[in-house]
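Trainee: The following block contains the structure, expressed as structure tokens.
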Amino acid sequence: MAAKLKGWKEIPEAGTIVEPGNARNYKTGGWRSDRPVWNKETCIHCFFCWIWCPDMAVQVDQANKKMTGINLEYCKGCGVCAEVCPKKCFTMKNEKELTNE
Amino acid sequence: MAFLLKDLLGKDKILTSGHRLCPGCGAPMAVKMVTMATDNPLIITSATGCLEVSTTIYPFTAWDTPWVHSAFENAGATISGLQTAFLAWKKKGKIDKEVKFLAFGGDGGTYDIGLQALSGALERGHDFVYVCYDNQGYMNTGAQRSASTPMGASTTTEPAGKKSIGKRIQRKDLTMIAAAHHNAYAAQSSISHWQDLMSKAKKAFEYEGPAFINVLSPCVRFWRVPSSKTVEIAKLAVETNFWPLFEIENMKLTLNFKPKERKPIIDWIKAQGRYKHLLQAGNEPVIDEIQKEVDAYFDYLVRLSSI
Amino acid sequence: MSTIQKNKLSLTGNQAAAEAMRQIDPDVVAAYPITPQTEIVMAFSQFHADGKVNTEMIRVESEHSAMSACIGSASAGARTMTATSSQGLALMHEMVFIAASLRLPIVMPVVNRALSGPINIHCDHSDTMAERDSGWIQIFAENPQEVYDHMFLAMKLAEHPDVQLPVMVNQDGFITSHGVEIVDVLEDKAVKDFVGEYKPKTPLLDLKHPVTMGALDLYDYYFEHKRQQAEAVKRAFGLFDKVAGDVSKLTGRKYPMVETYQFDDADYVIVTMSSAAGTTKFVIDSLRAQGTKVGLLKIRLFRPFPYKIISGLLKGKKGVAVLDRSASFGAFSPVYTEIMNSCYYLDARPNIYPVVFGLGGRDLTPKLIESVYTGLIGNKFKTDQIEYLGVRE
Ligand code: SF4
Ligand code: SF4
């Protein structure tokens, strides 16, 4: 992601950012030390995890109204989803241990 | 009409992933719930603060809608200018959409340094919504005391110490100050109560005139709670009556939530590291005083709501 | 081009500014009253109340909010104006810098008044000089006519696609703002056609192209944005004469960055700005009648500063007194400093003397100006010592 820094003639004036929502290109998943591991089987698709996830990292299938998983590119591993889930669908697992597994 | 989460899917687009607020931050929850409460296009301004800096670190922006920041103390004035420019464009036929105008400020930018600009904007009656994401301190710069910091909480500028209990006095009642602008819709809500918050946000957007919503948005880092506990701690604030949910419209106050049995304030205090010192022996009178104040304030709201 | 119809009206400097604002008919005016600017806001409010403008007005609760609301409005894409003085400008200070850095072409008449303390309501330039590094273009008017003409010049220059910068149109508090003079006023239509429709580059109201303005800009890009800003001001400098020329076509009056009076053969010169220039011209006429070769250099454009033009003009002069209507404590005053900067590389460097005058509205009498010329001629000043003109010992 270390994009080449641009010169003053190459960027829009006044510090204006002309590409809306381009923070999507900034992946915050690397911040995570614990990963929410989702148990699909117990999920009742209440969307509590979706409404409260501060990073918009809970993925849903809008047409079928289903929770479909976690976007690990952005999930910071806060564990809010695990706390608010009425069915305890998430286990927070340490990233290091997961890589070792 | 109540919101159903399944009908909102796909609407969480105004603030995008890739922002750099702390894990478990309450502010993006507030932003998400508020912005999903309208179908109209939004133009947004933010006061300087956590939300502003963490969502727009050049060359990145997490805003998928027109957005501007200029300073700390002026979100009220900025939103006045934005909305008035819209009226001018509309008059000239340069825009045909019904745009909604939304300002965000933290408690520092709203209770303290931005109060005058907010009051001016409310008094003038512009058609906008101002949302204070209240995390009870200057958290962006490392937990300094604000007028919203509650009594007994330790902050870096009024820390607990041998001769200090942390903040010595009660927080300012900003929601009632906003309500004192009688042309405004004023409400208090919490990120823990998404239905309540979204309904109020919807009302605020539909209200013809100024609207103010004070939203409790925990700062897990400086309240010293685990990052997973954001929603739980906010809920506890409501259930202890520390943070009553209410709204004032046309000078009528409605209490939106009355716990059957309110939880004792010690539950709220015990759960947060910023109150840790209050649990030491000898500080019981402080806790008693906080409890008394919480109960007195709730009684006051009950009286106002039943008149 | 057909001759533009003009009306002659008796106007104060404030009324002239308000009249120009009425004719420009901006989308939004957000303003707060302050002496001696108040009359501008009052007159414009009356135009608004009588339906003579389409402008939306915001009666803000402070100057800080005035500039903040202007920033909101201009970033949304509306043609935006305000007006202020003194403490009001000082209260705006933070936002004044931000307006320039966000590249918002706000036009603001500034009725120059001394800064507190002690509190004083009369003219000096300490208010506007405190903003000289803000990135605004600063134009100074000698009289109500210039105030009026500068307003269109300012609007056009500010909104030029290569500029996009805010402009202060300065006039002297009370002296100009409350002094009535005959002002040639253009037809409304001529002004409307001249300023045209404002076409903002990236307005927030353009919902199809959502932009983020005022992002957090750290060590990796802040400097580049400041470099761009410097370039924009440079471009404004390059375009000033062209825009001023276009205004001249309408009015028949000329607006060079620097104006001279009885200058070419003058040995001794006063450099100053605003209403002081008028008094100086009067003194020059009487001294010239006695055969003394004295002249005047009046600065219209202070930011960006016309260094080269000035050095070219001052080259070879015997003595130059720079009359500053503001002080910089512990340093030389702003105009003097810039004149020194202009002349450093000259071979035939004139002696240049710093003179501070008129603080807090102290009258600049013809006698005082005469004393400056006699001082220059008699070689009585020191180049490294500030002369305080008209202060009691
Ligand atoms: S851990 Fe936090 S960031 Fe990750 S999905 Fe759960 S709520 Fe979202
Ligand atoms: S909160 Fe739990 S049950 Fe509800 S959608 Fe998320 S994972 Fe499924």
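The values are calculated or read from the model by the stated rules, or taken from the named source; none is laboratory data. What you see is a predicted model, and the numbers here were worked out from it, not measured in a lab. Here the Cβ is made from the backbone with ideal geometry for all residues, glycine too, and neighbour counts use every protein chain on show. All accessible areas refer to the heavy atoms of the entire protein, side chains included, with ligands and DNA or RNA removed. Shrake-Rupley method; radii C 1.70, N 1.55, O 1.52, S 1.80 Å.
Trainee: Could I have the simple spin-label model distance between A:Lys87 and C:Asp285, label points 7 Å from Cα toward Cβ, reported in nm to one decimal?
Mentor: Placing both labels 7 Å beyond Cα along the Cβ direction yields 9.4 nm.
Trainee: Roughly how many Å² is the accessible area per residue of chain A, as a whole number, for a 1.4 Å probe?
Mentor: Heavy-atom SASA per residue in chain A reads 55 Å².
Trainee: Set the Förster distance to 45 Å, then compute FRET efficiency between C:Lys315 and A:Val18 from the Cβ-Cβ distance, nearest 0.05.
Mentor: E(calc), rounded to 0.05, equals 0.45.
Trainee: Please enumerate, by chain and number, the lysines with C-alpha under 20 Å from the C-alpha of A:Lys66, excluding those fewer than 8 residues away in the same chain.
Mentor: A:Lys40, A:Lys87, A:Lys88, B:Lys6, B:Lys11, B:Lys13, B:Lys32
Trainee: Another question, then. To the nearest whole percent, what portion of all C-alpha pairs in the range C:63-173 is separated by more than 18 angstrom?
Mentor: Summing the P(r) tail past 18 Å for the range C:63-173 gives 43 percent.
Trainee: While we're on this one: In debye, nearest 20, what is the charge dipole magnitude of chain B about its Cα centre with +1 on Lys and Arg Cβ and -1 on Asp and Glu Cβ, if you could check?
Mentor: The dipole magnitude comes to about 440 debye.
Trainee: Taking 0.36 nm per residue of sequence separation and subtracting the Cα-Cα distance, how much length would be gained by fully extending the chain between C:Asp50 and C:Asp267, in nm to one decimal?
Mentor: Full-extension gain reported as 72.7 nm.
Trainee: At a Förster distance of 45 Å, what's the computed FRET efficiency of C:Ala331 paired with C:Glu197, Cβ-Cβ distance as r, to 0.05?
Mentor: It comes to 0.50.
Trainee: A follow-up question, please. Would you rank A:Val37, C:Val335 by solvent-accessible area, highest first, keeping every protein chain in place and using a 1.4 Å probe?
Mentor: A:Val37, C:Val335
Trainee: Hey, with R₀ at 35 Å, roughly what FRET efficiency would B:Asn283 and C:Asp206 work out to, going by the Cβ-Cβ distance, to 0.05?
Mentor: It comes to 0.05.
Trainee: Quick one: 3J(HN,Hα) in Hz for the range C:349-356, Karplus 6.51/-1.76/1.60 with θ = phi - 60°, rounded, Gly and Pro as x.
Mentor: With coefficients 6.51, -1.76 and 1.60, one gets 7, x, 6, 10, 10, x, 10, 9 Hz.
Trainee: Considering every Cα-Cα pair within the range B:246-295, what fraction, in whole percent, is farther apart than 14 Å?
Mentor: For the range B:246-295, the share of Cα pairs beyond 14 Å comes to 63 percent.
Trainee: Tell me the net charge near B:Arg168. Cut-off is 13 Å between Cβ atoms, B:Arg168 excluded, with +1 for each Lys or Arg and -1 for each Asp or Glu.
Mentor: In short, +1.
Trainee: So what is the relative contact order for the range A:24-95, in percent, with contacts set as C-alpha pairs under 8 Å and at least six apart?
Mentor: Relative contact order, the range A:24-95: 47 percent.
Trainee: If you line up the long axis of helix C:144-159 against the longest principal axis of chain C, both from Cα atoms, how many degrees apart are they, to the nearest 10?
Mentor: Helix C:144-159 sits roughly 50 degrees off the main axis of chain C.
Trainee: Ok, one more. To the nearest 10 square angstrom, how much accessible area does C:Met57 have with a 1.4 angstrom probe?
Mentor: Using a 1.4 Å probe on the heavy atoms, I get roughly 30 Å².
Trainee: Which whole-number percent is the relative contact order of the range C:1-154 (Cα, under 8 Å, 6+ apart)?
Mentor: RCO, the range C:1-154: 26 percent.
Trainee: A follow-up question, please. DSSP loop GluC sites (Glu not before Pro) in the range A:53-98 with at most 11 other Cβ atoms within 10 Å of their Cβ, which ones?
Mentor: none
Trainee: Stick to Cα atoms and the Kirkwood definition of Rh, then tell me Rg/Rh for the protein assembly as shown.
Mentor: In the protein assembly as shown, Rg relative to Rh is 1.05.
Trainee: Can you give me the long-range amide H partners of B:Phe212? Hydrogens built in the peptide plane at 1.01 Å from N, cutoff under 5 Å, separation of 5 or more residues or another chain.
Mentor: The list, which skips near neighbours in sequence, is B:Tyr130, B:Tyr185, B:Ala186, B:Ala187.
Trainee: How many percent of all Cα-Cα pairs in the range B:13-305 sit more than 34 Å apart?
Mentor: 17
Trainee: Next up: Between 0 and 90 degrees, rounded to the nearest ten: what's the tilt of helix C:13-24 against the longest Cα principal axis of chain C?
Mentor: Approximately 30 degrees, to the nearest ten.
Trainee: Could you work out the equivalent-ellipsoid semi-axes for the range A:1-94, taking the square root of 5 times each eigenvalue of the Cα gyration tensor, largest first, in whole Å?
Mentor: So the equivalent ellipsoid measures 34, 15, 10 Å along its semi-axes.
Trainee: Rg(Cα) of the range C:6-251 divided by 2.2 N^0.38 Å?
Mentor: Scaled against compact globular proteins, the figure is 0.95.
Trainee: Here's another thing I want to ask about it. Net charge around B:His193, counting only other residues with Cβ within less than 11 Å of its Cβ (Lys, Arg = +1; Asp, Glu = -1)?
Mentor: Result for the neighbourhood of B:His193: 0.
Trainee: Calculate the spin-label point distance for B:Tyr300 paired with C:Lys254, positioning each point 7 Å from the Cα along the beta-carbon direction, and give it in nanometres.
Mentor: So the two model labels end up 7.1 nm from each other.
Trainee: What is the magnitude of the charge dipole of the protein assembly as shown about its Cα centre, with +1 placed on the Cβ of each Lys and Arg, -1 on the Cβ of each Asp and Glu, and no other charges, expressed in debye to the nearest 20?
Mentor: The dipole of the protein assembly as shown has a size of about 1380 debye.
Trainee: In what order, largest first, do C:His225, C:His160, C:His178 sit by accessible area if the probe radius is 1.4 Å?
Mentor: The ranking, largest first, comes out as C:His178, C:His160, C:His225.
Trainee: Quick one: how many Å² of C:Thr38 are accessible to a 1.4 Å probe, rounded to 10?
Mentor: C:Thr38 has an accessible surface of roughly 40 Å² with all protein chains in place.
Trainee: Quick check on the range B:138-293: take the gyration tensor over C-alpha atoms, sort the square-rooted eigenvalues as a ≥ b ≥ c, and tell me if it's rounded (a/c under 1.5), prolate or oblate.
Mentor: Note, shape of the range B:138-293 comes out prolate.
Trainee: Going 7 Å from the Cα of C:Leu239 toward and past its Cβ, which residues in the range A:8-38 have a backbone nitrogen under 20 Å from where you end up?
Mentor: A:8-16
Trainee: Sorted by accessible area with a 1.4 angstrom probe, largest first, how do B:Asp12, C:Asp206 fall?
Mentor: Order by accessible area, largest first: C:Asp206, B:Asp12.
Trainee: May I ask for the Kirkwood hydrodynamic radius of the range C:177-282, worked out over all distinct Cα pairs and given in angstroms to one decimal?
Mentor: Radius from the Kirkwood sum: 19.0 Å.
Trainee: While we're here: Out of the range B:52-137, which trypsin sites (Lys or Arg not before Pro) are coil in DSSP terms and have no more than 12 other C-beta atoms within 10 Å?
Mentor: B:Lys92, B:Lys97
Trainee: Show the residues, 5+ positions off or on another chain, whose built amide H is closer than 5 Å to the amide H of C:Ser274.
Mentor: C:Ile299
Trainee: Still on this model: To test your reading of the geometry: what angle, between 0 and 90 degrees and rounded to tens, separates the Cα axis of helix B:194-206 from the longest principal axis of chain B?
Mentor: Once rounded, the angle reads 40 degrees.
Trainee: Still on this model: Cα centroids of the range B:141-185 and the range C:1-71: how far apart, whole angstrom?
Mentor: 41
Trainee: Can I ask one more? So for the pair A:Ile44, A:Ala3, with labels modelled 7 Å out along Cα→Cβ, what separation do we get in nm?
Mentor: 4.4
Trainee: Write out the trypsin sites (Lys or Arg not before Pro) in the range A:1-95 meeting two conditions: DSSP loop, and at most 10 other Cβ atoms within 10 Å of their Cβ.
Mentor: Those that pass, being in a loop and sparsely packed, are A:Lys4, A:Lys9, A:Lys88.
Trainee: Continuing with this model, one more query. Explain nothing, just compute: Karplus ³J(HN,Hα) = 6.51 cos²θ - 1.76 cosθ + 1.60, θ = phi - 60°, for every residue of the range A:38-53 in order, whole Hz, x for Gly and Pro.
Mentor: With coefficients 6.51, -1.76 and 1.60, one gets 9, 9, 4, 4, 8, 5, 10, 6, 7, 6, 4, 4, 5, 5, 9, 4 Hz.
Trainee: Could you work out Rg/(2.2 N^0.38 Å) for the range B:1-46, with Rg from alpha carbons only?
Mentor: Scaled against compact globular proteins, the figure is 1.22.
Trainee: Something else now. Just how much of C:Asp124 is accessible, in Å², when a 1.4 Å probe is used and the result is rounded to the nearest 10?
Mentor: Looks like 10 Å² after rounding.
Trainee: Same structure, new question: Rounded, prolate or oblate for the range C:258-389? Axes are the square roots of the Cα gyration tensor eigenvalues, ordered a ≥ b ≥ c, and the cut-off for rounded is a/c under 1.5.
Mentor: It is rounded, given that a/c, with a ≥ b ≥ c, falls under 1.5.
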